[in-house]
Amino acid sequence: MRGLLKNKSAAFINIAGLSIGLACFIMIFLYVQKELSYDTFHPNASNKYRLTTIDEALGISSNNVAITNPYMPIGALEELPEVINATRMFNQGRTRMQHKEDVVYAEDAKYVESTFFEMFDFGLRNAASIEKFNAPRKLIMSEALAEKTFKAEDPIGKSFQIDSEDWEVVGLFDNNTGQSHLKLDLLLSMYPVDADSSLAQYLNSWQGLGMIGYVELTEGADVATVETKLKELATKNEVPEFWIPKLQALEDIHLKSSNILFDGHNEGKGDIVYVYSLSAIAVFVILIAAFNFMNLSTAKSSTRAKEVGIRKVMGSPKSSLIVQHLGESILISLMALVVALILVSIATNFANLGLGTHVLSYIISSPMVALAILGITLVIGIVSGLYPAFVLSHYNPVVTLRGKFQTSKSGIWLRKVLVVAQFTASITLIICTVLITFQLKFLKNKDLGFEKAQVVNFQLNDPGLGEQVEAFKDKIAQYDKVQAAAFSSNMPGRTFGRTGVRPEGVTEEEEPWIVSVMSMNVDYLEVMGMELAEGRNYSEDFGTDQEEAIIVNEAFIREVGWDEGIGKKVSLGNNNQERTIVGVVKDFHFASMRHAIEPVMLFYNPGANSNLSVRITDDISGTMSNIAGVWNEIYPDYPFEYEFFDEEFDQIFKSDEDFSTLAMNFTWLAIFIACLGLFGLSAYMAEQRRKEIGIRKVLGSKISQVVMLLSKEFILLILIANFIAWPIAYWATNNWLSDFQYRIELLSFSSIMIFIVSGVLALVIGLITVSYQSIAASVANPVDSLRAE
């Protein structure tokens, strides 16, 4: 403690650098630990899998989908000995529920089978409710939704109206049991009523893709063998050969689904690449902080060489000297940990880690997490103190009393290596985060094929909205600031459906093409700002457009291999309904930028559809107020809900942008920590060469010459760090970019300049840091330095 108080600047730099490094590490550690914990709380989670499909049909490039044939999960359970349980589900989404006069909305409703509760543990309150659930129109709701709806009343046995049908509450579950890829607040029985033959037929069908399915395998079952048997089972039941069933581990769904489509039930999915990247950043930051500590410890050790020599002369054994230095390092690490926890507690008020509770409460309530954090702190303390402890304790007391340790080659080389390592990590982080930011800007500024700004969407999935929706559209279209309003079945950024088609020239013996589909009315292209490459739009003047015409995109024409599309024929579905291409719309991005633009067909539907899009030209606030008035007049029992399309579409980039922001923030902290250590190290070096500087000044050296003398070593080390960091940064960024179909070119002039500018920036920051101490040493009065000579 006396040493810390005597060397306040060194103590501050050590504790501050370690505190910030530990705070960064703890925050990333908690975030990563949370991300890796998804779906691990279910019984036998390691034996459970989601059924996915590789779609190798012509026209498909984004071919990994999170759906399967409707009967596949049950068929696998019946015929494969390795499959011991299975369940099916399909997504309902936001659902309007009415109890007497009260209306509530379930945000995450799903249709499930009773076996769902055998596969997943979502805290079902009464196991007996499963038997009641295995019947038509039964539901189980979350406790949170029940409390919101019924307050203190017991909801069991009460009924809701959903789509004008009565559904009985038969159970409750706790939807806060753990991190899951499934977000649930309402579970609806998939059991069909007697009159619903279409649902029963669908559930027993092997044709088409659309069901979400899960299976549980026997302990030690070989996944590859099961997948082979699933393929054989599909072939046996006449599933098209281009649909290949696959298994995805339940524990992988959250983090390893970035390339999977039709995955809407996997809400808030993460990306394992980002987990790896943030983990690497955490390691970099903590190593930079630890290197700082070691650098300053070894530098400061030279000033303590005489102390060690005296202790050894007085009889102190090596073991006690080692314990002393290690003890000091561990003490400083523990002090830094206390400060780090305070910093994390403050930081989490601004950055949500998704822990569900206060960060300190979470750490205290999780013994393994607390031990891991304490363990890394002790390791840093021990490792940082090892070098000075063992080197000093082994020195000859005569040598140390003469101060020979100040010129020890081992101490100098260690400090150089650590400085290079620090700046290699810092420069790598700068380059990677800047390139990631450039990639995201490239994607957001890329021509999307439509205009996303000033378009408002209204979801019309609720059957209660359908009767008056035409009147609502016609009324709002009369406002001057409303350019156009259009119905459609979908919007770019959402999951498009797919269907099989046979372009002109493809026989029935050949495999059909699979293309994405949506429907629209005549105003949709105008609302979305889409342009036709050739041909015409749909028109009410052509009475046969709905049955005989089709509009496709440029990718369709390109993939089929036609020079032009107008007048070409396509046959749809099993009945080979023939349509003529009347228009070709310019390519537009309707899926993630990670996927190439695929063929799409835009069907004509002049009537109401599930989505209403409105383009507003000006005075958005006033116009929305007017639209709200019309809504409340037509739909007094429904809340006025809408979403700006640009905000919805930009959600595609949200996870990438969040990662970019995190990486950038931690990068600047890493640079700050590195500079903090550089500042302290340069101060010690200036102090060690104080007399040399005094003599040089007496002999006529200029301030600039002294500054260069003290700085040139650091400049060389940072230049070396640049040449090491550049290939590492290129490799890391190239791996990340490989997941995008549309991306910046790493060997372009602008990208190369990022590498150079990042290196120069690190050099300038390091030079400024060192120069402060160099200038202070060079302007000092040489008389003060040489007075003792």
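Structure notes:
- Calculated on C-alpha atoms, the gyration radius of the range 400-540 divided by its Kirkwood radius gives an Rg/Rh of 1.38.
- Zero-based 10 Å bins, Cα pair distances in the chain, whole percents: 2, 11, 17, 20, 17, 12, 9, 7, 4, 1, 0
- All-pairs alpha carbon distance profile, the range 168-273, 10 Å steps from 0, percent: 11, 31, 38, 19, 1
- Unit charges on C-beta of K, R, D, E only; dipole of the range 433-537, Debye: 700 debye
- Alpha-carbon radius of gyration plus Dmax, which is the widest Cα pair, for the range 82-225 in Å: 16.0, 55
- Computed helical MRE - 222 nm, the chain, DSSP H runs ≥ 4 contributing -39500 (n - 2.57), nearest 500: -16000 deg cm²/dmol
- Principal axis analysis of the Cα atoms in the range 525-564 yields extents of 30, 25, 12 Å, listed in decreasing size.
- Signed unit charges on C-beta, dipole axis of the chain, positive-most listed residue Leu278, Ser539, Leu767: Leu767
- For the range 554-667, the Rg and Dmax computed from alpha carbons only, in angstrom: 20.7, 59
- Distance (nanometres) between label positions extended 7 Å along Cα→Cβ at Thr177 and Ala596: 4.3 nm
- Stokes-Einstein diffusion for the range 197-347, with the hydrodynamic radius set to the Kirkwood value over Cα pairs and evaluated at 37 °C in a medium of 0.692 mPa s, equals 146 µm²/s.
- Residue (of Leu334, Tyr111, Gly268) at the positive-pole extreme of the chain, dipole from beta-carbon charges: Leu334
- Dividing the convex hull volume of the alpha carbon atoms of the range 1-154 by its residue count gives 295 Å³ per residue.
- When the chain is described by a simple charge dipole with +1 on each Lys and Arg Cβ and -1 on each Asp and Glu Cβ, the residue from Tyr604, Gln439, Met294 located farthest towards its positive end is Met294.
- Crossing angle, helix 367-394 versus the chain [Cα axis fit, 0-90 degrees, rounded to tens]: 30 degrees
- Spin-label zone in the range 167-199 - amide nitrogen under 15 Å from a point set 7 Å from the Cα of Glu648 along the C-beta vector: none
- Only Lys, Arg, Asp and Glu carry charge here, each on its Cβ (+1 for the first two, -1 for the last two); on that basis the chain has a dipole of about 7740 debye about its Cα centre.
- Full-extension gain in nm, Lys100 to Leu699, via 0.36 nm per residue minus C-alpha separation: 205.9 nm
- Taken about its Cα centre, the range 118-182 carries a charge dipole of about 60 debye when Lys and Arg each add +1 at the Cβ and Asp and Glu each add -1 at the Cβ.
- Taken over the range 469-514, the alpha-carbon convex hull comes to 142 cubic angstrom per residue.
- For the range 154-170, the residues whose backbone nitrogen is under 12 Å from a point 7 Å from the Cα of Ala135, taken along Cα to Cβ, are 157, 168-170.
Bear in mind that the values in this text are calculations on the coordinates, not laboratory data. Bear in mind the structure is a predicted one, so any value in this text is a computation, not a measurement. A quick note on method: Cβ atoms are made from the backbone with ideal geometry, for glycine too, and the neighbour counts reach across all protein chains shown.
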